[in-house]
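The values are calculated or read from the model by the stated rules, or taken from the named source; none is laboratory data. Small disclaimer: the values here were computed from a predicted structure and weren't measured. Reconstructed Cβ throughout: ideal geometry from the backbone, glycine too, with neighbour counts over all protein chains shown. Ligands, DNA and RNA are stripped out before the accessible areas are found, and what is left, the full protein with its side chains, is counted by its heavy atoms. Shrake-Rupley method; radii C 1.70, N 1.55, O 1.52, S 1.80 Å.
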Amino acid sequence: MGALYSRLTEVISAWQAKDVDKVLSYMSDDIVWHYAAPALPPIKGKAAARKLLVRFQSDMHDIQWRIFHHAETADRLFLEGVDDYRTTDGKRMAVPYAGVLDFRDGLITGWRDYVDLAVIAQQKAGEPFTAQVDALIGREAVG
């Protein structure tokens, strides 16, 4: 396991524990986070990241953030995974994504998640998972 992926596993643990301050401790003050690239504009800075994390946290329960594949080079981590959780009203959400994280001095400076917002909207509307989503999320996660 590479150093950057190891750092990400610490972020995942903090997020699953709903410890926003701990998650933020892994980010640089000047982080640029594209949480739905290229669909939505990025947030910039830790204050904006805190607002986003608090908003996400309020409706994400029983979080199972699984990574299927990852690779790193220099200060960049590439990954493929799924955010699998329950909403406050009990809906299961399983959002496949690909992500790229940039690091500087051990801190995340850039974060780009590539997700399909239509899949999220369908799941929020209560539609069943499509066959392709089932196939993507049913794979074995790495360590």
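In this structure, Pro128 qualifies as on the phi < 0 side of the Ramachandran plot and in a loop (DSSP other than H, G, I, E, B).
Of the numbered criteria (1) on the phi < 0 side of the Ramachandran plot; (2) open to solvent by 40 Å² or more (accessible area, probe 1.4 Å), the one Leu53 fails is (2). Counting the residues of region 9-34 that are open to solvent by 50 Å² or more (accessible area, probe 1.4 Å), part of a loop (DSSP other than H, G, I, E, B) and touching a residue at least 12 places away in the same chain (Cβ under 8 Å) gives 1. Restricting attention to region 78-112 and to residues that are part of a loop (DSSP other than H, G, I, E, B) and not acidic (Asp, Glu), the residue that is nearest to Gln123 (Cα to Cα) turns out to be Lys91. Suppose we keep only residues that are charged (D, E, K, R) and assigned to a loop (DSSP other than H, G, I, E, B) within region 131-143. Which one would you say is surrounded by the fewest Cβ atoms within 10 Å (Cβ to Cβ)? Result: Glu140. Under the condition of being touching a helix residue (DSSP H, G or I) at 6+ places or on another chain (Cβ under 8 Å) and of a type outside the set (Lys, Arg), which residue from region 41-50 is most open to solvent (accessible area, probe 1.4 Å)? Applying the filter and picking the extreme gives Ile43. The single condition among (1) touching a helix residue (DSSP H, G or I) at 6+ places or on another chain (Cβ under 6 Å); (2) over 15 Å from Asp102 (Cα atoms) that Glu72 does not meet is (2). If I filter region 78-95 down to residues being within 23 Å of Val32 (Cβ to Cβ) and of a type outside the set (D, E, K, R), which single residue comes out as most open to solvent (accessible area, probe 1.4 Å)? Filtering region 78-95 for residues that are within 23 Å of Val32 (Cβ to Cβ) and of a type outside the set (D, E, K, R), the one most open to solvent (accessible area, probe 1.4 Å) comes out as Phe78. Being open to solvent by 70 Å² or more (accessible area, probe 1.4 Å), under 27 Å from Glu140 (Cα atoms) and touching a Ser or Thr at 6+ places or on another chain (Cβ under 9 Å) holds for only one residue in Asp116, Asp75, Asp105, and it is Asp75. Taking first residues from region 35-62 that are modelled with pLDDT under 95 and in a strand (DSSP E or B) and partners that are loosely packed, with under 14 Cβ neighbours inside 10 Å and not hydrophobic (A, V, I, L, M, F, W, C), the Cβ contacts under 8 Å between residues at least 6 apart in sequence or on separate chains come to His61/Thr88.
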